[in-house]
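Have a look at the structure below, then the notes.
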Amino acid sequence: MEDTMNMVLDMLADALAEKVMQRMESRKETYTVEDLAARYGCSKCTIRRKIAAGEFGEPVALGERTKVVTAAGVRQFEKNAAAPAGRRHKTEIPVRRSGKLRGEPGPI
């Protein structure tokens, strides 16, 4: 019984180690504009503008015109993008298209 348990645990440990190695190998250190556009579902032009604006940190120049973003830059962008945006105060009343403020409906 104990031998069977040890054998199963060894198999699980080997499978886990293999998965960890696969994930570590698949992690990228740099991302191209095309990679980021596919990752975030937007155009390459949008990614280029965000890189130029510094939203991905300092890019790495591979050539005269080719830039890539580091994994740290991607993490920085995702951290900043996940930050809560300013939210409206609960008592703020939205404006109608006519420009008039919506009032309280009163007792119903």
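Is there a residue being in a helix (DSSP H, G or I) and touching a Leu at 6+ places or on another chain (Cβ under 8 Å) anywhere in region 14-33? No, because not a single residue in region 14-33 is in a helix (DSSP H, G or I) and touching a Leu at 6+ places or on another chain (Cβ under 8 Å).
Could you grab me the full set of residues in region 1-38 that are charged (D, E, K, R) and in contact (Cβ under 8 Å) with a residue 12 or more places away in the chain? Steps first, answer last, please.
Our first condition is that a residue be charged (D, E, K, R); within region 1-38, this holds for 2-3, 10, 14, 18-19, 23, 25, 27-29, 34-35.
Once the filter is applied, which keeps residues that are charged (D, E, K, R) and in contact (Cβ under 8 Å) with a residue 12 or more places away in the chain, region 1-38 yields Arg27, Lys28, Glu29.
Condition check: of a type in the set (S, T, N, Q) and either outside any loop (DSSP other than H, G, I, E, B) or at pLDDT 85 or above (or both). Does Thr91 satisfy that? No, not satisfied.
If you check Glu58, Glu78, which single one turns out to be in a loop (DSSP other than H, G, I, E, B) and at pLDDT 85 or above? Quick ask: steps written out before the conclusion?
Numbers: Glu78 fails: in a loop (DSSP other than H, G, I, E, B).
Sole residue among the options that is in a loop (DSSP other than H, G, I, E, B) and at pLDDT 85 or above: Glu58.
Total residues in region 49-71 satisfying the condition of being closer than 15 Å to Asp35 by Cβ and surrounded by fewer than 15 Cβ atoms within 10 Å (Cβ to Cβ): the figure is 4. Within the set Glu29, Glu2, the sole residue that is closer than 21 Å to Val60 by Cβ, of a type in the set (D, E, K, R) and surrounded by fewer than 12 Cβ atoms within 10 Å (Cβ to Cβ) turns out to be Glu29.
Checking every residue in region 47-54 against the condition of being in contact with a Gly (Cβ under 6 Å, 6 or more places away or on another chain) and on the phi > 0 side of the Ramachandran plot gives zero matches.
How about region 34-55: which of its residues are assigned to a loop (DSSP other than H, G, I, E, B) and within 16 Å of the chain's Cα centre (by Cα)? It would help to see each step written out before you state the result.
Pass one, region 34-55, residues assigned to a loop (DSSP other than H, G, I, E, B): 41-43, 53-55.
Answer for region 34-55, where residues must be assigned to a loop (DSSP other than H, G, I, E, B) and within 16 Å of the chain's Cα centre (by Cα): Gly41, Cys42, Ser43, Gly54, Glu55.
The values are calculated or read from the model by the stated rules, or taken from the named source; none is laboratory data. What you are looking at is a predicted structure, and each value in this text was computed from that prediction instead of being measured. Quick reminder, even Gly has a Cβ in these numbers, built from the backbone with ideal geometry, and neighbours come from all protein chains shown.
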